[in-house]
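Comments concern the structure below.
Derivation of every value follows stated rules applied to the coordinates shown; laboratory data play no part. All values reported here derive from a predicted model rather than from experimental measurement. Methodologically, a virtual Cβ is constructed for each residue, glycine included, from the backbone with ideal geometry; neighbour enumeration extends over all protein chains shown.
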């Protein structure tokens, strides 16, 4: 098998120049997310004092201004109409621009390199942020004054923090992460995915007509308007849908006019022709069904972008991007309008737009800086269960591989029939842009979703809309992106100290069983579970209350218009749910598993150490007990080595933790669930947890991801780690995050056949997700400096297998020198 | 009767250099040769060895306390082991909390080894991999190896034997019953030079190679040692040999000095090896020369 190089594209493509434009560069100055974090560089990034945003990034106050004006103008209206009118006011009056060379248009802020804000959601946070750590975003004093005025209006109206006035006293205390160290409540944004395929069939005009027909029907049904509760709500909802959808259609017309104006002033004939073509496209979409790939891409971008600037504030995409566009590409190609290369260039224009957007939102990780991750999904099976791979699957990968821009990340769905050609493309891609790709397993996801009650055909249509979050595209799902970070090991700590926080000395958790009476891991697990249940009760009290408030204050009339069934039901997507998915993001699982295994081995089974001795050492952060710590670090089996002694504790732990979480219901009466999006936040939320029996010291990091082995403890190679991970009941629990590390030479070995076999076996094993950290020479250099982080790095040179950190410096140097040759 | 156990020093999962696909390699202890360039000195003896890992040692002194013979001394800067006193009881290994000492070599039953092998069965199937028995020289423990390979074939796993070929033919013949692929080391064509560098003549090795039944796949493996076996003449003879036998490919394993550390870790006295690894240019010359005999050549496995 040879790694196929695709034919060279024309060198003079405009997108090549454009990608260097600052407008398309990542706006944040740090927080490259999982890659930086998983390599343990984050601390350094913070120490170096890098600003959260690039110096040329500015705050755009236009959205805040127009939304506020709109709300003020419609104060007599009920909230859904007021919000629709305010959003329409914003769309009709916001500044539009077209950047040079752009062939797909649709800006978010009033100028490039700017961030919009959402005061109706989190004005209190913004008010502090713009005078605090984000001060540099707002150099203009007049703007700052105006923004303060705006925030004043929103002080008691914005939803973020509103719950604090309403929470019962005994819960309010726990709202503050610093008071308990277990969970950090996070509003996050909301995500939802329009039904693009339907929009492409009917255009937004079709939506308006449907809403008008339903309004007409509602208003002419005497049985219905006898019940005003039902009648009025529906009537207002339909009116709101019509107002906002017309405004979105009008946005296309406004862009069309702008293209015409620029075309008239344009001297360059080629560009003039492009602008004329764009004017025609924007005149036609999103109002009408697109007829070409270019129109479909433009229509998609309008609907996607506008849904997001209106009310989808954070990460999330969730469309199957290779599926929705393929029919248009196929038709264009068959009718001779377009080649693969020309289509790829259009796709690259879309990729640029993904990178152009920016919004200022509260960071979900206190120290990591702002991070907006856009994920779109490719591959997988069709609704009928056949392989869905098509030419556009490859096209999006080619575009991303060549451009090297952050957004969007590609979630690749794998399944037993994924063709070899796609695996070969994946191989090429992870070597070029490892950080872009993550892999999801249909063999796990489809039964997982069906277990939640999702019908088979819809389950086959699932996508990833954030890091790990699943969504069914086009369905009435508007879900909270985050919810709460949960540092699970803190619950184990509370169990060890019977609910007392070792740092403050206060009784924070319930007074659970005395660990000195424990005789087995089961006792420890029960203590942990009880603590967890206590804290989850607090967290879900907050969660459910905020879900009520969001529904009350932030209806989403446009999203409701473009997903299935809301118009049919006459209900906003906040109210009518296809599936009400509510999730939280726990971290630190493996820290607990290794701790339980360590106690089992040394305290309960071998009885080498007494519980009193262990507790004493933990309380004192292992001070003066280094030999004991080394024993706990090295002797007990660790997660990730295919050893049932610890792995079965792990399986049990995931299932039982999940059972506790699922025992709490959301306001729609469905169980809450966990989600692997905790991702790289393990480095933040480990900061309030004391020493743990796995040998970890006070405040040290937890493991990375939700299932990845703790650093330096997976000593049996990647297959053993995958086997350990596969022992979890993935389909029965939740979506797990699994990071793996490889050197490029390792990926390339044997023409990549081994790597592909590894991925295929990942599918066989039913593991939910994986992503690869493909690191090279630099990693080895870093491993020399920080050997403690690379205990698992195996160097393989013909005839010899050794752990890199076990070797002396001269030998390591030799290996580093030889990596380039990649022998064997 | 109790089953005879085999002395295994490493079971390497995710082994990618000892045959096709993803494999598990079982390294057997004991070797009849003493090659100057040996990369796995821990494989030589037919008993478990004590290996040190100084980078992990925190000088806690537990090993010194545990040693019944007083063979270990710790001062502020280092840990010293008097190998002459040591009788390999391994009490020290059990007490070290940092795992700075290890026992190399475990007596295992076929069932125990199979349990490890079966863990990665799915990976073998997906990658066309399987099991490789290597060493040391696996034929030294041929009865165990034969039973192990038989057990693999009962489970329809692909098997490879990595051997230096130094054994009585009936033994090799017997073991080959359950072998799909033979990785056959040729260090040198000349018997005298071979004897000088490894302690044994290669006559038996070459004779055995010719006796391997033609339906068994063979990969020749040449550890490439500049100044010893990289002459045009030797490589030409090797090429001819490969052609004559009809081998599937020739693997060139470039010598490297990475194992030097292991000698220290085992407390083995050894002069600094005068051997040098091949340069990239030297390697580039070797490959086409052997290829000119119509053979497939890879660097590494």
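So how much slack lies between residue A:99 and residue A:144, counting 0.36 nm per residue of separation and subtracting their Cα-Cα distance, in nm?
On the way: separation 45, 0.36 × 45 = 16.20 nm, distance 2.68 nm.
The residue A:99-residue A:144 span can extend by a further 13.5 nm.
Per residue of A:629-638, what is the mean number of Cβ atoms on other protein chains within 10 angstrom of that residue's Cβ?
Working: counts 2, 9, 6, 1, 3, 6, 5, 0, 0, 0.
Mean inter-chain Cβ contacts per residue within 10 Å come to 3.
Nearest 10 degrees is fine. How inclined is helix A:753-765 to the longest principal axis of chain A, computing both from alpha carbons?
Approximately 90 degrees, to the nearest ten.
Return, for the Cα atoms of the protein assembly as shown, the radius of gyration and Dmax in Å, separated by a comma.
Radius of gyration, then largest Cα-Cα span, for the protein assembly as shown: 32.8, 109 Å.
Using the 10 angstrom Cβ neighbour count as an exposure proxy, how do A:596, B:181, B:222, B:193 rank, fewest first? Write down the numbers at each step before the final one.
Numbers: A:596 27, B:181 20, B:222 23, B:193 17.
Starting with the residue having the fewest Cβ neighbours, the order is B:193, B:181, B:222, A:596.
Angle check, please: helix A:141-154 long axis (alpha carbons) against the longest principal axis of chain A (alpha carbons), in degrees 0 to 90, nearest 10.
80
Once you average over the residues of B:95-108, how many Cβ atoms of partner chains fall within 10 Å of each Cβ?
Values: counts 2, 5, 11, 8, 4, 2, 0, 0, 0, 0, 0, 0, 0, 0.
Mean partner shielding for this stretch: 2.
By average Cβ neighbour count within 10 Å, what is the ranking of A:420-427, A:112-119, A:403-410 from highest down? Walk me through the numbers on the way to the answer.
Numbers: A:420-427: 18.0, A:112-119: 24.1, A:403-410: 21.2.
By packing density, highest mean first, the sequence is A:112-119, A:403-410, A:420-427.
Which one of B:72, B:252, B:26 has the biggest mean-square fluctuation once chain B is modelled by GNM with Cα springs under 10 Å?
Maximum among the listed residues: B:72.
Between residue A:17 and residue A:608, what is the spin-label point distance in nm, taking each point 7 Å from the Cα along the Cα→C-beta axis?
Distance between label points: 6.8 nm.
For residue A:616 and residue B:204, what is the calculated FRET efficiency with R₀ set at 51 Å and r taken between the beta-carbons, to the nearest 0.05? Each step should come with its number before you reach the end.
Working: r = 64 Å, r/R0 = 1.26.
Efficiency, from the Cβ-Cβ distance: 0.20.
What is the distance in Å between the Cα centres of region A:746-788 and region B:1-21?
23
Can you pull the mean other chain C-beta count within 10 Å for peptide B:126-135? Please list the in-between numbers first.
Working: counts 11, 9, 4, 4, 0, 0, 0, 0, 1, 0.
Partner Cβ neighbours, averaged per residue: 3.
Against the longest alpha carbon principal axis of chain B, how many degrees, from 0 to 90 and to the nearest 10, is the axis of helix B:142-154 turned?
Roughly 70 degrees between the two axes.
Please work out the ratio of the alpha-carbon Rg of region B:49-103 to 2.2 N^0.38 Å and round it to two decimals.
Details: Rg = 9.7 Å, N = 55, 2.2 N^0.38 = 10.1 Å.
Its radius of gyration relative to the 2.2 N^0.38 Å reference: 0.97.
Express in whole angstrom the spacing between the alpha-carbon centres of region B:131-155 and region B:177-218.
Region B:131-155 and region B:177-218 have Cα centres spaced 18 Å from each other.
Could you tell me the largest-minus-smallest coordinate of the C-alpha atoms of region A:241-318 on each of the three principal axes, in descending order and whole angstroms?
Taking max minus min along each principal axis of the Cα atoms, region A:241-318 gives 39, 25, 24 Å.
Under a crude label model (7 Å from the Cα following the beta-carbon direction), how far is residue A:268 from residue B:4 in nanometres?
Taking the simple label geometry, residue A:268 and residue B:4 are separated by 8.2 nm.
What's the ranking of B:255-267, A:450-462, A:688-700 by average number of surrounding C-beta atoms within 10 Å, highest first?
For the peptides B:255-267, A:450-462, A:688-700, the packing ranking is A:688-700, B:255-267, A:450-462.
Just grab the label-to-label distance for residue B:192 and residue B:76, each label 7 Å out from Cα along the Cβ direction, in nm (one decimal).
5.8
Using mean Cβ contacts within 10 Å as the protection proxy, how do A:235-242, A:642-649, A:778-785 order, highest first?
Numbers: A:235-242: 23.9, A:642-649: 18.9, A:778-785: 15.6.
Highest to lowest by the protection proxy: A:235-242, A:642-649, A:778-785.
At 0.36 nm per residue, and after removing the present C-alpha to C-alpha distance, how many nm does the segment from residue B:88 to residue B:279 gain when stretched out fully?
Values: separation 191, 0.36 × 191 = 68.76 nm, distance 3.99 nm.
Extending this stretch completely gives an extra 64.8 nm.
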